[in-house]
Amino acid sequence: MFEPNLEENTLISVVNVSVKILKLQAEQKGIRILTTGFEDLGYISVLIDKLRIQQILINLIQNALKFSNRDSKIVVAVSRFVASEPDHIGVNLSVTDEGIGITE
């Protein structure tokens, strides 16, 4: 059974590593990777499996790079939502791009 390796980290540190790994590839394709929402939430400590979150982000950003055109952008964003427990906050991390998308 999979056991996550949970430890305290800041979201911005996890995101920055993932973006840094793909920055050269994005520049070569003429694509900008932007981050947003981290001014308010990026520096709070969260209990996460850093390696797994980085792997997920890298996969999502790589897919966005694959299907995005030159001079487009990829946005990695964090936002807050109401958590089910009173002493917790919910955090949503997303990756959006301007690629062709999936037809329904």
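Any chance segment 41-52 includes a residue that's acidic (Asp, Glu), modelled with pLDDT of 90 or more and within 14 Å of the chain's Cα centre (by Cα)? Yes.
Just one of 84, 68 is of a type in the set (Gly, Ala, Ser), more than 11 Å from the chain's Cα centre (by Cα) and closer than 25 Å to residue 31 by Cβ; which is it? Talk me through it step by step, then tell me what you get.
On the way: 84 fails: closer than 25 Å to residue 31 by Cβ.
Just one listed residue meets the conditions, 68.
Listed here are the helices (runs of 4 or more DSSP H) enclosed by segment 7-104 that have at least 1 residues being among the basic types (Lys, Arg), surrounded by 11 or more Cβ atoms within 10 Å (Cβ to Cβ) and without any contact (Cβ under 8 Å) to a residue 40 or more places away in the chain: 11-28, 50-67.
The values are calculated or read from the model by the stated rules, or taken from the named source; none is laboratory data. Quick caveat: nothing in here was measured; it's all calculated off a predicted structure. Every residue, glycine as well, gets a Cβ built from its backbone with ideal geometry; the counts of neighbours run over all protein chains shown.
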